[in-house]
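Chemist: To start, I am sharing the structure in question, which I have written as structure tokens.
The values are calculated or read from the model by the stated rules, or taken from the named source; none is laboratory data. Note that this is a predicted model, so its numbers are computed, not measured. Cβ sites come from the backbone with ideal geometry, for glycine too, and all protein chains shown count toward neighbours.
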Amino acid sequence: MTSLSFCVFLLCLPFYSSASTNDRPIIGVLAQDLRTPRENYTSYIAASYVKFLEAAGARVVPVMINKTAEEYKTLFNSINGILYPGGSASIVSSGYQRAAKIFYEWLLRLLLTRTNTTAVALPLDFTDEAKGSRIFKGFPAELMEDLASEPLTDNSHKWSVSMLTYNTTEELKNFYKVLSTNTDGDTEFVSTMEAYDYPIYGTQWHPEKNAFEWKKPHYPHSPSAIKTTFYTGRFFCQ
């Protein structure tokens, strides 16, 4: 059994805003499956987690396992954060895992904005941070010029992290530097980023499709597009 041995805090509302400090937070604590369930007793929340949050000024509500999506949605919209306790509950197959996944996926949606980018190749609008970035360090200067002027990056997504969300979310700004952006004509969004202090990288575009996929007509296959696949892959494998 794969279990979680540490606790995780997730902020739900309003995670991505610059709202002032909330002096009356409501925090959910996720229940865990019992190893040996009994009749009418299948899950538990350790009192120490409740006291821990109450001591910091929060009001605490239980988030029970095996509830409906509708019940979880109502709760999600009513709390300011949720704590996932550590323990022996499986993070692969359990009521704890299923509920945790639901709340985590809903939280991610708060960070995302719908964009019209399901089938389009775009050039990259590089930021000043790209010049000293790790991910683009090994790219030839000529290829960087082509990436900035030619549609060499495939975009096949409906959701993006908008620059508005990035600029108003201190957690994102302090952790990631934006290396390039793009726009669908209405919304500017992050297209390449890397963490300041950790080997964590993200591209909203698909570097692998240029050289190896042919299903969609917008996939770029020019010599520079193929080089983009190679240099991006080489960076990740170094």
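Chemist: Assess whether Thr153 counts as being of a type outside the set (D, E, K, R), touching a residue at least 40 places away in the same chain (Cβ under 8 Å) and farther than 16 Å from Thr192 by Cβ.
Modeler: So Thr153 fails the test.
Chemist: Considering only residues of the stretch 69-97 that are surrounded by fewer than 16 Cβ atoms within 10 Å (Cβ to Cβ) and in a helix (DSSP H, G or I), which is nearest to the chain's Cα centre (by Cα)?
Modeler: Lys73
Chemist: Let me ask another. Within the stretch 17-36, is even one residue assigned to a strand (DSSP E or B), at pLDDT 60 or above and of a type in the set (Asp, Glu)?
Modeler: The answer is yes; a qualifying residue exists.
Chemist: Please work out if Ser43 is polar (S, T, N, Q) and either under 15 Å from Phe103 (Cα atoms) or modelled with pLDDT under 90 (or both). Give the steps one after another, and end with the answer.
Modeler: Numbers: polar (S, T, N, Q): yes; either under 15 Å from Phe103 (Cα atoms) or modelled with pLDDT under 90 (or both): no.
No.
Chemist: Oh, and also: Test of understanding: among Lys158, Lys177, which residue is at pLDDT below 95, of a type outside the set (A, V, I, L, M, F, W, C) and not in a loop (DSSP other than H, G, I, E, B)?
Modeler: Sole residue among the options that is at pLDDT below 95, of a type outside the set (A, V, I, L, M, F, W, C) and not in a loop (DSSP other than H, G, I, E, B): Lys158.
Chemist: Check whether at least one residue in the stretch 121-137 is among the polar types (S, T, N, Q), crowded, with 16+ Cβ neighbours inside 10 Å and not assigned by TED's automatic domain parsing to the domain that holds Ile45, and report yes or no. Steps first, please.
Modeler: Looking only at the stretch 121-137, we keep the residues that are among the polar types (S, T, N, Q), and these are 127, 133.
Still in the running and crowded, with 16+ Cβ neighbours inside 10 Å: 127, 133.
Narrowing further to those that are not assigned by TED's automatic domain parsing to the domain that holds Ile45: 127, 133.
Looking for residues that are among the polar types (S, T, N, Q), crowded, with 16+ Cβ neighbours inside 10 Å and not assigned by TED's automatic domain parsing to the domain that holds Ile45, one finds at least one in the stretch 121-137, hence yes.
Chemist: Only residues that are touching a helix residue (DSSP H, G or I) at 6+ places or on another chain (Cβ under 6 Å) and not charged (D, E, K, R): list them for the stretch 196-227, please.
Modeler: Pro207, Asn210, Ala211, Tyr219, Pro220, Ser224, Ala225, Ile226
Chemist: So Gly138 clears everything in (1) in contact with a His (Cβ under 8 Å, 6 or more places away or on another chain); (2) part of a loop (DSSP other than H, G, I, E, B) except one condition, right? Which one?
Modeler: With respect to (1) in contact with a His (Cβ under 8 Å, 6 or more places away or on another chain); (2) part of a loop (DSSP other than H, G, I, E, B), Gly138 is out only on (1).
Chemist: Still on this model: When the residues of the stretch 166-196 are narrowed to those that are polar (S, T, N, Q), in contact (Cβ under 8 Å) with a residue 40 or more places away in the chain and within 16 Å of Thr127 (Cβ to Cβ), which ends up surrounded by the most Cβ atoms within 10 Å (Cβ to Cβ)?
Modeler: Thr192
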